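Structure, as C-alpha cells:
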Amino acid sequence: MENKVSAFCDDALGKMDATALAAAIAEKKVSVQEVTEAAIARVEKVNPILDAVIFRTYEAARAANGLNSNGCFYGVPTFVKDNDFVKDTPTQKGSKTFKSKIYKKNSKYVNQFLSAGLNNLGKTTLPEFGFICSTEIEQINITRNPWNINHTTGGSSSGSAALVASGAVPIASANDGAGSTRIPASCCGLVGLKSTRKRVYYMQGTETLPLNIVYQGVLTRSVRDTAAFYAEAEKFYYNSKLPRIGHVKEPIKKRLRIAFFENFDEGAQGWMDADTFNSQLETAKLLESLGHQVEMIKVPINVEEMTYNYLTYYGFLAYMTVNFGRLTHGAKVDKSGIIDPFVLGLADTFAGRKMKLFGCIRSLIKTTRALEADFFGKYDIIMTSVTTKATPEIGYFSPQLSYDEISFRGADIATFLPLFNISGSPSISLPLGTSSKGLPIGVQFASAFGQDKLLLELALELEAAKPWKLICD
C-alpha cells in the first residue's frame, strides 16, 4: 500500500510478538541488550514520519536495571502513554499549557504494567489532554497511521498504537475513557481490551471521580500477548470482587449466543458506512460458521440522549482539567494556550450544564444497567462496530474546525463505545475487517461484568479462524 510505514526488519525483533520475543530472550537466542538496541533503531527509523514519541528514556532502558526477570515479558521493549506517571519523566498529557514536574515514582498502574518485565523506552503521544479520538494538532503532534500516513491512528492512545502497529515495539500501554484503547486498535489493526472496571489499577487521580470511566490497558498485535499481560497483571494486583481471568491460552469451547446491531438509516448519528457494517456482517457469518448462534437486533439505546448525557459528564472532566490544573496536573493550566477547540468547548459546555451533572450520571448508569440486564439475560456477547466509519484521514478532527463540528464527528464515530465505559463491562476490539482503502477495521465484542476471560477465549478462536495481517505481510 502507498504511504505505508513499517519498522519490521531482519533484526533481533524480527516479526515476533511480545510472547515470542520473551521466549527468545529466555532461551538466550537474543539478549535484552540486542532487543533494546533493535527497538531503539526501529523507533528512530519510523518516528520522524509517525510522530509517536514524546519523551525518550533510552539510557535507562539500555541499563535495564530493575526489570522483573520473573515477568512473562522480561526484556521486551515498550512505551508508556504520556498521561501516566513514570519515574524521572514529566507527564505533559499532550499539551503545552502547563509545565509538568518530574515525577519521583511510577503510578500504581505503571508499576503493574512494568511488573510483566517490560523495558520502557519512553512515552507516547496523545491529543491535547486525551479528550478527542485523533492526535493531529500541527503545533504539538500529528501522529500518523503506519498503514497509511494520510490517515489518523485514532486516539487517544495514538502514539502507542502507531509504534505497535508499525513494528517498533510489540506492546505499549493505553487507556480508555470513551474508546481511547479500542479506537486506535481498530484504526491500526491491533488487539485492544477495555477490561472490567477495577480489574487493573485506575489511572492515578481518577479514583475519586463520581463515575470512573477511564480504564488502563495495553495495545498488542496478538490475542495471546493481551491474555498473557492480564494474567501477569493479576499476579501483581488481584481484585477479589471479580472472577479471576487466569492465563487464557485456549479458544472457547462453549457455543455462544451473540447479538449484533443493525444499521441506522443513512444520515443518522451512529450510522455505519458500508465498509464498517459489512465487517460486522462478515464477522457474523464467521461466527455462525464456527457454530455460534448470531442474531441481528435493533440498536436498543436513544443515541442522542446518551450522547448528551455522556458529553455533559465528559465536559465535567474537561472543566476540571483546564480549571483545576494544580489538582489534576500539579501545575496551573494556561487556558489561553489550549489549541484543541474540543477541550475548551467541552469545558464551556459543562459550565452551562453544571446543575445537570448528577442527573446525567444517574441517567447514564440507569440506561446501561437496564440495557445490560436485558442483553446479558438473553445473550453471552454483544457485537458492535468499534468506529461507525472507516479510519478517517488526518484533518477529520482538525483544530481548525469548530467545537460543534468536532463534537458531532467524535460522538458519531464512537457511538457504541461509551456504553461499556459507563457500565464497567469488558469489551475488546479485534481487527477482523478491512476498508476499501486497505486499512484495518475493528469489530467490538462485549460481555457481562467480570467476564473478561470469555472475551479472550472468543478472541483466540476468531484469531485462529481469521488471522489478521501484520503491516509487513
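The values are calculated or read from the model by the stated rules, or taken from the named source; none is laboratory data. The structure displayed is predicted, hence computed values, not measured ones. Counting neighbours? That spans all protein chains shown, and the Cβs are built from the backbone with ideal geometry, glycine included.
Out of THR226, THR208, I need the residue that is closer than 22 Å to PHE316 by Cα and either modelled with pLDDT under 95 or part of a helix (DSSP H, G or I) (or both). Which one? Break it down stepwise before answering.
Details: THR226 fails: closer than 22 Å to PHE316 by Cα.
Of THR226, THR208, the one residue that is closer than 22 Å to PHE316 by Cα and either modelled with pLDDT under 95 or part of a helix (DSSP H, G or I) (or both) is THR208.
Find all pairs meeting these conditions: Cβ atoms under 7 angstrom apart; at least six residues apart or on different chains; first residue within the stretch 56-73 and assigned to a loop (DSSP other than H, G, I, E, B); second residue surrounded by 15 or more Cβ atoms within 10 Å (Cβ to Cβ) and aromatic (Phe, Trp, Tyr).
LEU67/TYR74; ASN68/TYR74
With the structure loaded, tell me whether PHE8 is among the hydrophobic types (A, V, I, L, M, F, W, C) and in contact with an Asp or Glu (Cβ under 8 Å, 6 or more places away or on another chain) or whether it fails that test.
No.
State all residues of the stretch 10-31 that are in contact (Cβ under 8 Å) with a residue 40 or more places away in the chain and either crowded, with 18+ Cβ neighbours inside 10 Å or closer than 23 Å to ILE49 by Cβ (or both); if no residue qualifies, say none.
The answer is LEU13, LYS15, MET16, ASP17, ALA18, THR19, LEU21, ALA22, ILE25.
Tell me, which residue of the stretch 424-451 that is of a type in the set (Val, Ile, Thr) and either buried (at least 24 other Cβ atoms within 10 Å of the Cβ) or under 17 Å from THR181 (Cβ atoms) (or both) is nearest to the chain's Cα centre (by Cα)?
Pass one, the stretch 424-451, residues of a type in the set (Val, Ile, Thr): 428, 434, 441, 443.
When the remaining residues are screened for being either buried (at least 24 other Cβ atoms within 10 Å of the Cβ) or under 17 Å from THR181 (Cβ atoms) (or both), the result is 428, 441, 443.
Working: ILE428: 9, ILE441: 14, VAL443: 13 Å.
Filtering first and then ranking leaves ILE428.
For the subset of the stretch 134-150 comprising residues that are touching a strand residue (DSSP E or B) at 6+ places or on another chain (Cβ under 8 Å) and crowded, with 24+ Cβ neighbours inside 10 Å, which member is farthest from SER95 (Cα to Cα)? Don't jump to the end; show me each part of the working.
Taking the stretch 134-150 first, the residues touching a strand residue (DSSP E or B) at 6+ places or on another chain (Cβ under 8 Å) are 134-136, 141-145, 147, 150.
Filter once more, so that each one left must be crowded, with 24+ Cβ neighbours inside 10 Å: 134-136, 143-145, 147.
Values: SER134: 14, THR135: 11, GLU136: 12, THR143: 14, ARG144: 18, ASN145: 21, TRP147: 26 Å.
Taking the candidates together, the pick is TRP147.
Helices (runs of 4 or more DSSP H) wholly in the stretch 349-460 with at least 1 residues that are over 23 Å from VAL214 (Cβ atoms) - which ones?
Working: elements: 357-378, 403-413, 418-423.
Per the criteria, 357-378, 403-413.
Which numbered condition in (1) more than 25 Å from THR368 (Cα to Cα); (2) of a type in the set (D, E, K, R); (3) in contact (Cβ under 8 Å) with a residue 40 or more places away in the chain is the only one that LYS241 fails?
Every listed condition holds for LYS241 apart from (1).
Which residues, taken from the stretch 72-91, are surrounded by fewer than 21 Cβ atoms within 10 Å (Cβ to Cβ) and either more than 25 Å from SER180 (Cβ to Cβ) or charged (D, E, K, R) (or both)? Let's see the steps before the verdict.
Going through the stretch 72-91, the residues surrounded by fewer than 21 Cβ atoms within 10 Å (Cβ to Cβ) turn out to be 74, 87-88, 90.
Answer for the stretch 72-91, where residues must be surrounded by fewer than 21 Cβ atoms within 10 Å (Cβ to Cβ) and either more than 25 Å from SER180 (Cβ to Cβ) or charged (D, E, K, R) (or both): TYR74, LYS87, ASP88.
Could you check how many residues of the stretch 301-340 are at negative phi and outside any helix (DSSP H, G or I)?
Initial filter on the stretch 301-340 (at negative phi): 301-329, 331-340.
When the remaining residues are screened for being outside any helix (DSSP H, G or I), the result is 301-302, 324, 329, 331-334, 338-340.
Final tally of qualifying residues: 11.
Taking the condition under 24 Å from ASN150 (Cβ atoms), buried (at least 24 other Cβ atoms within 10 Å of the Cβ) and of a type in the set (A, V, I, L, M, F, W, C), does ILE413 pass?
Numbers: under 24 Å from ASN150 (Cβ atoms): yes; buried (at least 24 other Cβ atoms within 10 Å of the Cβ): yes; of a type in the set (A, V, I, L, M, F, W, C): yes.
When the stated conditions are applied, ILE413 passes them.
Considering only the stretch 455-463, I want to know if a residue exists there that is touching a residue at least 24 places away in the same chain (Cβ under 8 Å) and under 26 Å from TYR310 (Cβ atoms).
Here is the first cut: in the stretch 455-463, the residues touching a residue at least 24 places away in the same chain (Cβ under 8 Å) are 455-463.
Checking the rest, the ones that are also under 26 Å from TYR310 (Cβ atoms) come to 455.
Taking every residue of the stretch 455-463 in turn, at least one turns out to be touching a residue at least 24 places away in the same chain (Cβ under 8 Å) and under 26 Å from TYR310 (Cβ atoms).
Restricting attention to the stretch 255-267, which residues are in a loop (DSSP other than H, G, I, E, B), surrounded by fewer than 17 Cβ atoms within 10 Å (Cβ to Cβ) and either touching a residue at least 12 places away in the same chain (Cβ under 8 Å) or touching a Leu at 6+ places or on another chain (Cβ under 8 Å) (or both)? Reasoning before the result, please.
In the first step, residues of the stretch 255-267 are kept if they are in a loop (DSSP other than H, G, I, E, B); the result is 255-256, 262-267.
With surrounded by fewer than 17 Cβ atoms within 10 Å (Cβ to Cβ) added as a condition, the list becomes 255, 262, 265-267.
If the condition is that a residue be in a loop (DSSP other than H, G, I, E, B), surrounded by fewer than 17 Cβ atoms within 10 Å (Cβ to Cβ) and either touching a residue at least 12 places away in the same chain (Cβ under 8 Å) or touching a Leu at 6+ places or on another chain (Cβ under 8 Å) (or both), then ARG255, GLU262 are the ones that fit.
What's the number of the condition PHE79 fails, among (1) over 15 Å from the mean Cα position of the chain (by Cα); (2) over 26 Å from LYS335 (Cα atoms)?
Checking PHE79 against (1) over 15 Å from the mean Cα position of the chain (by Cα); (2) over 26 Å from LYS335 (Cα atoms), the one that fails is (1).
For the stretch 280-300, enumerate the residues that are touching a residue at least 60 places away in the same chain (Cβ under 8 Å), in contact with a Gly (Cβ under 9 Å, 6 or more places away or on another chain) and either assigned to a loop (DSSP other than H, G, I, E, B) or acidic (Asp, Glu) (or both).
Passing the criteria: only GLU282.
Identify, from the list ALA64, ALA18, ALA7, the residue that is closer than 30 Å to LYS249 by Cβ and modelled with pLDDT under 95. Lay out the reasoning, then the answer.
Working: ALA18 fails: modelled with pLDDT under 95; ALA7 fails: modelled with pLDDT under 95.
It is ALA64.
Within the stretch 89-96, identify whether any single residue is touching a strand residue (DSSP E or B) at 6+ places or on another chain (Cβ under 7 Å) and β-branched (Val, Ile, Thr), and answer yes or no.
Yes - at least one qualifying residue is present in the stretch 89-96.
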